[in-house]
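A short worksheet on the structure shown next.
The values are calculated or read from the model by the stated rules, or taken from the named source; none is laboratory data. These numbers come from a predicted model, not from an experiment. Positions of Cβ are generated from backbone atoms using ideal geometry, with glycine treated the same way; all protein chains shown enter the neighbour counts. All accessible areas refer to the heavy atoms of the entire protein, side chains included, with ligands and DNA or RNA removed. Shrake-Rupley method; radii C 1.70, N 1.55, O 1.52, S 1.80 Å.
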Amino acid sequence: AGSGPERLLGMAFDIGTTTVVGYLVDLTSGEQLAVSSLLNPQTRYGDDVVSRIDYSTRSVDGVTTLQQEVVGALNTVIAATARSAGVSSEDILGVTVVGNTTMQHLFLGISPAALAQAPYVPVTSDAACVRASDLGLAVDPEAHVWALPNIAGWVGADTVGLILSTSVHLQEQPTLALDIGTNGEMAMGSRQRL
């Protein structure tokens with residue numbers, strides 16, 4: 001058989017206000033190998049994004065605490081999916097993350113304080129790419145972690161993921177795509193306009 005490369009594995013995460021879901025994927029075939037979810041542990045600091053923004057600004061280490069909570073949740077999901085698929089989490093070479101704008105900020109360790117004040121402008125709307133080891137994710141330390149871009153202060157990367165996964169932006173006919181969650185969004189349109 002020889003000593004060919006192991007499977008190329010990746011994780012895709014949706015960091016929801018209430019639930020964190022992770023999918024372990026074979027990056028060569030596109031096959032979903034396992035899925036796991038859990039309650040977002042940040043809920044102990046507030047049930048909604050406004051409460052968490054408030055906590056992040058009131059507490060001296062609020063942003064760091066909330067970031068560590070969500071990274072811990074992702075690591076739990078990584079371990080569960082790797083165990084379920086019978087692979088090593090260290091073989092995970094890439095991670096993608098989506099979430100609403102507040103969840104994205106907190107995951108990256110960025111203060112979301114500006115999102116609670118008019119004009120509700122995020123610190124960044126850009127996509128981000130960081131090393132897994134810089135975030136403390138329990139995958140290959142050199143793995144890239146891609147956080148999709150946010151659209152606006154209250155329209156996040158989860159909506160970008162919704163648009164890309166449904167291809168609503170490529171449709172000839174008007175199409176409606178819905179993200180039903182604690183913070184729900186919808187995208188409607190076609191290739192002409194969303």
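Structure notes:
- All positions within region 8-39 that are touching a Ser or Thr at 6+ places or on another chain (Cβ under 6 Å), surrounded by fewer than 22 Cβ atoms within 10 Å (Cβ to Cβ) and polar (S, T, N, Q): 18, 19, 36, 37
- Residues that are under 19 Å from residue 14 (Cα atoms), touching a Leu at 6+ places or on another chain (Cβ under 8 Å) and open to solvent by 60 Å² or more (accessible area, probe 1.4 Å) within region 179-194 comprise just one, 186.
- Residue match in region 123-132 (condition: in contact (Cβ under 8 Å) with a residue 40 or more places away in the chain and either over 25 Å from residue 37 (Cβ atoms) or assigned to a strand (DSSP E or B) (or both)): no
- Residue check for residue 61: open to solvent by 10 Å² or more (accessible area, probe 1.4 Å) and closer than 17 Å to residue 135 by Cα: yes
- Look at (1) among the polar types (S, T, N, Q); (2) closer than 20 Å to residue 131 by Cα; (3) in a helix (DSSP H, G or I); (4) open to solvent by 50 Å² or more (accessible area, probe 1.4 Å) and you find that residue 96 fails only one, number (3).
- Residues of region 144-178 satisfying the condition of being touching a Phe, Trp or Tyr at 6+ places or on another chain (Cβ under 8 Å) and either in a helix (DSSP H, G or I) or surrounded by 19 or more Cβ atoms within 10 Å (Cβ to Cβ) (or both): 147, 153
- Residue within region 76-87 that is in a loop (DSSP other than H, G, I, E, B), of a type in the set (A, V, I, L, M, F, W, C) and at pLDDT 95 or above present: yes
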